[in-house]
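Everything on this sheet refers to the single structure shown next.
The values are calculated or read from the model by the stated rules, or taken from the named source; none is laboratory data. Computed from a prediction, not measured in an experiment: that's the story for all the values here. Please note: Cβ atoms are built from the backbone with ideal geometry, for glycine as well, and neighbour counts cover all protein chains shown.
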Amino acid sequence: MAIEMFEKSTEIDTNYAPAWVYLGASYTSDAAFELGGREQYRRAQAAYERALAIKPNLLDAQMFSANLVLDTGKVEQAVALLREALNTKGNYAAAHWELGYAYRFAGMLDESVAECELARQLDPLVKTNGSVLNTYFYLGQYQKFLESLPVDDSSFILFYRGFGEFHKKNFDRLRKTLIALTNSIPLCMRESARLSATPSTSAKERDWISWTDWRGESESEESVIQKRPTRSRKHVPSWETKSPLYAS
């Protein structure tokens, strides 16, 4: 739907650069998340180039184009594009965040943290919807990672909060976070995941399916604790048998 709307916008006004930018972003999302693949990436790049031909140094066009080349493995090119964007507007928080993202792919972890933290200083809400500062994980700084998460009970943030607690071995907090996370996921999605498991499903995916299948719909922590003694070991996720969460 978004692609069709932006294609129509570019037909109505072929010289309106923002329409080309967001058409490109829609193509990129389709390529990355809807299996649109190489052809959609090609269309996205063409749209960004058209936007920049109309309005050189258009920040969003530079930033989205950098994301595209980063997604396709061209880290050096992405870094150059983002630095160019910041030469135009040095206090553009989103561009600093994306540069930090690119630095992480390049293995420049300290630089990555510095750029992302600068982005948050410039705009505390930058990229809080769908992004977390994963570089702290690569540095093994799990507490800083947890502190960097926004105060949010969305399933996305709950997942990463649990991930951080797991690495810190805070198993009581992990259990509570997983319960909250599971309650935030609709039953139909959990059932779909359970039914879609195949021989090729990874061990981690099977662990998650086992957890959500056992948890059931909207159970309280007390009911979970009461049910735990009757739980068969074969249904316990492998990581949990090695932690204080599991009591045989």
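Here Gly36 fits the description: more than 27 Å from Ser112 (Cβ to Cβ) and without any contact (Cβ under 8 Å) to a residue 24 or more places away in the chain. Applying the criterion of at least 3 residues that are closer than 16 Å to Trp20 by Cα to the helices (runs of 4 or more DSSP H) found wholly in segment 43-105 leaves 59-71.
Taken over segment 11-39, the criterion of being at pLDDT 90 or above, more than 20 Å from the chain's Cα centre (by Cα), assigned to a helix (DSSP H, G or I) and more than 24 Å from Leu86 (Cα to Cα) is satisfied by Glu11, Ile12.
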